[in-house]
Amino acid sequence: MTETPSVDPLQAAIAALEAQRGLLGDAVVEMALGPLRDKLAALRAAAKAGEQQLKAVTVLFMDVVGSTHLAEQLDPEDIHAVMDGALEKLSAVVL
């Protein structure tokens, strides 16, 4: 897994603290490592959530004949209402 750039300093800090375990003692090192490990886990989870995934999808296209001309004649709010109504009715058929 390729790590994000912000992961590298955390890993370096964790390694540096681990190297000081003999001098600082287990309790101090574990107390210092807790937040670093939590942050590292959060960064990895966020990176995993953002990974690209291949999924099968279906795309349905709706072409409302005359909608451009209609939009030129109506206020934006009115054309929005007309198109929402059409989309609602057609979506019901698909569902």
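The values are calculated or read from the model by the stated rules, or taken from the named source; none is laboratory data. Remember, it's a predicted structure, so these values are computed and weren't measured experimentally. Heads up, the Cβs are rebuilt from the backbone with ideal geometry, glycines too, and the neighbour counts pull from every protein chain shown. The protein model used for the area step is the full one, side chains on, heavy atoms only, and it has no ligands, DNA or RNA in it. Shrake-Rupley method; radii C 1.70, N 1.55, O 1.52, S 1.80 Å.
Here's the picture: charge each Lys and Arg Cβ at +1 and each Asp and Glu Cβ at -1 in the chain, and of Ser91, Gln20, Met31 the one pushed furthest to the positive end of that dipole is Gln20.
Only Cα pairs under 8 Å and 6+ residues apart enter the sum, and on that basis the relative contact order of the chain stands at 24 percent.
State in Å² the accessible area per residue of the chain; use a 1.4 Å probe, count heavy atoms of protein chains only, and round to the nearest integer.
Ligands and nucleic acids excluded, the result is 82 Å² per residue.
Note on Kirkwood radius over Cα pairs in Å: of the candidates (1) 19.0; (2) 12.9; (3) 13.9, the value calculated from this structure sits at (1).
Per-residue ellipticity at 222 nm computed for the chain from its helices equals -22500 deg cm²/dmol, with DSSP H segments shorter than 4 residues left out and the rest contributing -39,500 (n - 2.57).
Taken one residue at a time, the phi angles of the stretch 81-95 give Karplus couplings (6.51, -1.76, 1.60, θ = phi - 60°) of 5, 5, 5, 4, x, 5, 5, 4, 5, 6, 5, 4, 5, 5, 5 Hz. Gly and Pro are set to x. Charging the Cβ of each Asp and Glu at -1 and of each Lys and Arg at +1, and nothing else, the dipole of the chain about its Cα centre rounds to 640 debye. Can you tally the net charge around Ala71? Count Lys and Arg as +1, Asp and Glu as -1, for every other residue whose Cβ sits under 12 Å from the Cβ of Ala71. Neighbourhood net charge equals -4. Ligands, DNA and RNA left out, the 1.4 Å accessible surface of the chain is 62% carbon and sulfur atoms. Once the Cα atoms are used to define both axes, helix 26-49 deviates from the longest principal axis of the chain by about 20 degrees. With R₀ fixed at 35 Å, the C-beta to C-beta distance from Lys89 to Glu51 puts the FRET efficiency at about 0.40. For the stretch 38-82, the set of GluC sites (Glu not before Pro) satisfying both a DSSP loop assignment and a count of at most 10 other C-beta atoms within 10 Å is given as Glu51. Once both labels are positioned 7 Å from their Cα atoms along Cα-to-Cβ, the gap between Leu36 and Ala16 label points is 0.8 nm.
Each residue of the stretch 9-17 was assigned a 3J(HN,Hα) from its phi angle through the Karplus expression (A = 6.51, B = -1.76, C = 1.60, θ = phi - 60°), giving x, 5, 4, 5, 5, 5, 5, 5, 5 Hz with x at Gly and Pro.
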